[in-house]
Structures are given as structure tokens and as C-alpha cells.
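The values are calculated or read from the model by the stated rules, or taken from the named source; none is laboratory data. This structure is a prediction, so every number in the text was calculated from the model and none was measured. No Cβ is skipped: glycine too gets one built from the backbone with ideal geometry, and neighbour counts run over all protein chains shown.
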């Protein structure tokens, strides 16, 4: 299944969409500090922080459509029935789709960050920033993927994902014990640590255990939802 999905995304408009969005994100990362804040000497740290801001503040909207479309095309083309006859369960389908999405986004963003490093003649943040953005995309792909698995209608899936994102942001700002459900949002303390790290002050390495637990919990929830909604997944595939 993994090989089939790799070929599908390589030939689909989803990869082209992600490439376009990645380009837009990195352009906005430059345009915001230069155009709005009138920064005349933009450092690579400040640029990547601005880019990270764009990804974390608008990522659910920008990348969500591509993630949902990647699932939704299988419903429209009745591919779900093919996988069902191949005895591929919904949980394996979900994990494979998430893995393909994350690999694609990792590649695109590594290329964009490599170009950035060449422009600034500074490769010191390349691997660290690639890893950080990949983790953010893993979060997006799992959360949006859950709703894409549940809803065959694209608008319902993306609308539910955006609603979840908005609720999580509200919880971060109003209910302190729930401040981890929007871990990468600007209202969370981790956002400040990222700024300090990109400016050469401090590190985000100490947060990796929390991040792993956070992503692990999201993945477990996703696996449970996929397992419990096997019939709904099949129903979406034949409607």
C-alpha cells in the first residue's frame, strides 16, 4: 500500500499544492518582517522565526485543504473498496496516508530550508528547523487526517479540523491545564523558546520529551478513531 500511495501522491495535484503552499509560506516569512516591520537587515534566525510563525498560525488552513484532499480523492475514486478487498484495515490505511503526507512535507520543506541556508550562507539551523517543522506537520496531518477519515465531504472535514484548532487555541489562552493541546501555537510558552533558540539564545532540545509525548498521544487517538470507525470508513468509500 505504501508504494501505491507514494506513486499516487507523486502524480497527483496534492504534491503540487503542497509545493505551492510551501513556497507561499517561505515568501510570507520574508515579506512580513521586511514589508510590515520594515526590517532592513534580516538575519536567518529572524527569517526562520517569521516562517515558523506563518506555519503555526495559518498551517491548519493552508495545509489542511491538501491533507483532506489526499484522503477525499480515495472516497471519490472508490479506492477504499480496493483496499478493503485487499484486506487492508482502516488503521493501516490511516497510518500509511499520514506517513506519505509527512514524508512529502519533510522533503519539500528540507528543500526550501536548503535554499534558505544557501542564500544566507548559514547551514547551522538547517537540520534543527527541518525537524521542528516536520513535527508541526505531523501534528497537522494526524489531526486533520482524523477528520478526513471521518467525513467524506471535504468541507465538513476541513471545517471540523479548523473548528478543533480554534477551540484548542481558546483553551490555551483561557484554561491553563489544557495549554498543551495547541503546543505550537503562539499563545504557548514553547513559541517563546523557539524565538530564543533561533536568535541564538537557548535551546528547544529540553522540550523534545514533551513533544514526543504530545505527538504520541495524538497518534494513539488517531489510531483509536481509525480502529473504531472501520465501518464508517468503508461507508465513506462507497457513498
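For this structure, a couple of remarks:
- Matching residues, the range 66-83, being part of a loop (DSSP other than H, G, I, E, B) and in contact (Cβ under 8 Å) with a residue 12 or more places away in the chain: 78
- Where a residue in the range 205-234 is in contact (Cβ under 8 Å) with a residue 60 or more places away in the chain and its partner, wherever it lies, is exposed (fewer than 13 other Cβ atoms within 10 Å of the Cβ) and assigned to a helix (DSSP H, G or I), with Cβ under 9 Å and at least six apart: none
- Subset of the range 78-91 [surrounded by 16 or more Cβ atoms within 10 Å (Cβ to Cβ) and either more than 26 Å from the chain's Cα centre (by Cα) or at pLDDT 90 or above (or both)]: 84, 90, 91
- Any helices (runs of 4 or more DSSP H) falling wholly within the range 132-239 and containing at least 3 residues that are crowded, with 17+ Cβ neighbours inside 10 Å and at pLDDT below 90: 154-174, 230-238
Residue-wise test of (1) closer than 17 Å to residue 8 by Cα; (2) in contact (Cβ under 8 Å) with a residue 60 or more places away in the chain; (3) in contact with a helix residue (DSSP H, G or I) (Cβ under 9 Å, 6 or more places away or on another chain).
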| site | (1), (2), (3) |
| --- | --- |
| 85 | no, no, no |
| 98 | yes, yes, yes |
| 104 | yes, yes, yes |
| 123 | no, no, yes |
| 132 | no, yes, yes |
| 136 | no, yes, yes |
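- Residues in the range 12-22 that are over 15 Å from residue 59 (Cβ atoms) and assigned to a helix (DSSP H, G or I): 13, 14, 15, 16, 19.
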